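Participant: There's a structure below that I have some questions on.
The values are calculated or read from the model by the stated rules, or taken from the named source; none is laboratory data. Only a predicted model underlies this, so the values are computations on that prediction, with no experimental measurement involved. Note: accessible area is taken over every heavy atom of the protein model, side chains too, but ligands, DNA and RNA are not part of it. Shrake-Rupley method; radii C 1.70, N 1.55, O 1.52, S 1.80 Å.
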Amino acid sequence: MDGSDPLAQVVDIEEEFEDSGYLQGLEAGKAIGAVEGREMGCESGFGIGKDLGFYQGWVQQWLLASDMHADAVPERALKKLREIKALLDDVPTENVEGAHFADRIKKVQQRFKVVSAMLGTNAAAELSGNTLSY
């Protein structure tokens, strides 16, 4: 920078303010993004946990009914219930990179609908208005 050229000084000051403002905006954006991401993750996580808890309880109920009354659940439905239970037991409770979390939940949902129909329950219809899409 040449101290004798006032125009060059103005341009240099403008560039410094622009660079400084850009860096401040970048840092503020990161902070706001982290907060919003955390809030969204908590909301989504709560909904997913609620759905998975419903499926777990529903499966446990039918498996218990089968244990208490051998003829209460058809064998084909019982096999599917065990598949759902295995899928639910395999869902990670922490963030695991590459865990294919959404794929597992979709499989649980699909099998749940099938078994619900096999058992003649309307649980799938009741739940459909409250589920998240993953």
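Participant: Send over the per residue convex hull volume for segment 1-106, Cα only, as a whole number of Å³.
Facilitator: 115 Å³
Participant: May I ask you to give the percent of accessible area on the chain that is carbon plus sulfur, with a probe radius of 1.4 Å? Don't jump to the answer; show the numbers that get you there.
Facilitator: Details: 5320 of 9590 Å².
Carbon with sulfur: 55 percent of the solvent-accessible area.
Participant: Tell me, in nm to one decimal, what length is gained between Ser44 and Glu83 on full extension, where the rule is 0.36 nm per residue of separation less the Cα-Cα distance? Each step should come with its number before you reach the end.
Facilitator: Working: separation 39, 0.36 × 39 = 14.04 nm, distance 2.49 nm.
Once the chain is fully extended between Ser44 and Glu83, it gains 11.6 nm.
Participant: Right, next: What's the extension gain from Leu63 to Ala28 if we count 0.36 nm per residue and subtract their Cα-Cα distance?
Facilitator: 7.4 nm
Participant: Mind checking the per residue accessible area of segment 1-68 for me, 1.4 Å probe, whole number of Å²?
Facilitator: Roughly 76 Å² per residue, with all protein chains present.
Participant: Considering only Cα-Cα distances, which of the following residue pairs are longer than 27 Å: Lys50/Lys85; Lys30/Lys106; Lys30/Lys107?
Facilitator: As for pairs spanning more than 27 Å Cα to Cα, those are Lys30/Lys106; Lys30/Lys107.
Participant: Sticking with this structure for a sec: Helix-only mean residue ellipticity at 222 nm, the chain, DSSP H runs n ≥ 4 weighted -39,500 (n - 2.57), per residue, nearest 500. What is it? Don't skip to the answer; put the middle values down first.
Facilitator: On the way: 4 runs with 104 residues, N = 134.
Helix-only estimate at 222 nm: -27500 deg cm²/dmol.
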